[in-house]
There are 2 protein chains.
Amino acid sequence: MYTARMSTQDRLIESTRELLWERGYVGTSPKAILERAGVGQGSMYHHFQGKPDLALAAIRRTAEELRASAQRALDGPGTPYERIRAYLERERDVLRGCPVGRLTMDPDVVANDELRAPVDETIGWLRERLARIVEEGQEQGQFARSLDAREIAATVLATVQGGYVLARASGSPAAFDSGVRGLLSLLRPAS
Amino acid sequence: MYTARMSTQDRLIESTRELLWERGYVGTSPKAILERAGVGQGSMYHHFQGKPDLALAAIRRTAEELRASAQRALDGPGTPYERIRAYLERERDVLRGCPVGRLTMDPDVVANDELRAPVDETIGWLRERLARIVEEGQEQGQFARSLDAREIAATVLATVQGGYVLARASGSPAAFDSGVRGLLSLLRPAS
DNA sequence: GTCTATACATCGATAGAC
DNA sequence: GTCTATCGATGTATAGAC
């Protein structure tokens, strides 16, 4: 299932990441994790204290990867508008949803401050990065000064997260793309 | 738990609706439903074929109520912009999330066309209603003709659905409100 | 470190008494 | 119609051999 060079710990974390993305925390059982990782029960409880501990490791790694991926789009070339567009249009497995945002619908994640923390930090980080780019656009005269940069950042993030909801409801990525295009048309500089 | 006048069937549907909202389909067990409804196992399997059948009845009722509630805001008084604002700002239990949109993160709901149908229909209906209002705004010169009404409708819906994600990630409704205010500032007519 | 065996509760459903 | 009893499978965790 994974490369032979991957340690048992890593295989457990990777299979947990996949299952959390596909089925969420509540829908992911230790048994399913073990089967996907191809290891026995004992290995999991040797390396991790239990399901929450393993999930925390998986969530942290997923959050890290998402930040790195988003940063590549946000720090790319172009004007502030173009960088926001690059973020909105970057390659996404739309129907799978956001591996981080999805966790906010998991009651056991939201109820556990330790599990929720990486989710909150990732979204907070993204929002600050986006807000800074909006401010740059305002300084360059690309966006109206009347806009509140942190509010626009929240709108951009919400459009992405909500786009996944629309897409999954209809079973097609088209609604996600529509929401993004609508937002871009509202943001587009007059020039 | 519910009024004495409520039938056993209704009590089962109501407790299922609550649990689906709080914990999703995967996280809701027949046992929990029965305990909340205060009825025995037999009653549930007498009135419903099983968990999916009961969930379907609950989802349909929730979808109906959401449509009725949204319609009140969308058909209210005021300009198209004001009616969209009324929809975006209407009373919401933000941290609980959307009882319909939430279901799109449930793997067993998305995988079952019958369970997904009411979700898809509700969101599709909302999108068409919003698009029509945007068109009215365009006809009245309130919104730019260059905008695509169905895209803007998707953006509005996505902002709401994604706003719940942001709020639940941070544990505070503030981020939802920010996203909505950001969107309204982008939509606001120049006049 | 990894495995199998075991434990005990819960899951979703059925049987059958009343 | 409603209840309790029961079922086989799964969920999460522990014990202990190798």
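Every number in this text was worked out from the coordinates using simple rules, so none of it is lab data. From a predicted model like this one, the values you see are computed outputs, not experimental measurements. Positions of Cβ are generated from backbone atoms using ideal geometry, with glycine treated the same way; all protein chains shown enter the neighbour counts.
In this simple spin-label model, placing a label point 7 Å from the Cα along the Cα-to-Cβ direction at both A:Asp53 and B:Lys31 gives a separation of 2.5 nm. Peptide A:122-129 is shielded by partner chain Cβ atoms: per residue, an average of 2 of them sit within 10 Å of its Cβ.
A simple spin-label model places the labels of A:Leu95 and A:Glu114 3.7 nm from each other, with each point 7 Å out along Cα-to-Cβ.
Label point of A:Asp93 (7 Å along Cα→beta-carbon): distances to the other copies' equivalent points are 3.4 nm, sorted ascending. Relative to the longest principal axis of the Cα atoms of chain A, the long axis of helix A:8-23 lies at roughly 60 degrees.
Eigenvalues of the alpha-carbon gyration tensor of the protein assembly as shown, scaled by 5 and square-rooted, set the equivalent ellipsoid semi-axes at 35, 30, 16 angstrom, largest first.
Find, among the trypsin sites (Lys or Arg not before Pro) in segment A:1-65, those assigned to loop by DSSP (not H, G, I, E, B) with at most 12 other beta-carbon atoms within 10 angstrom.
A:Arg5
Across the identical copies, the label point of A:Glu82 (7 Å from Cα in the Cβ direction) is separated from its matches by 4.2 nm, in order from shortest. Length gained on full extension, A:Ser185 to A:Glu82, computed as 0.36 nm times the residue gap minus the Cα-Cα distance: 35.8 nm.
Using the 7 Å Cα-to-Cβ label point, sort the distances from A:Pro52 to its equivalents in the other copies shortest first and give them in nm to one decimal. Nearest to farthest, the other copies are at 3.4 nm.
For B:Lys51, go through the lysines and keep the ones whose alpha-carbon is under 20 Å away, minus same-chain ones fewer than eight residues off. The qualifying lysines are B:Lys31. Eigenvalues of the alpha-carbon gyration tensor of chain B, scaled by 5 and square-rooted, set the equivalent ellipsoid semi-axes at 36, 16, 15 angstrom, largest first. Along the axis of the charge dipole computed for chain B (Cβ charges of +1 for Lys and Arg, -1 for Asp and Glu, origin at the Cα centre), the listed residues B:Ala37, B:Thr122, B:Leu56 are led at the positive end by B:Ala37. Separation of segment A:14-73 and segment A:74-101, taken as the distance between their Cα centroids, equals 24 angstrom.
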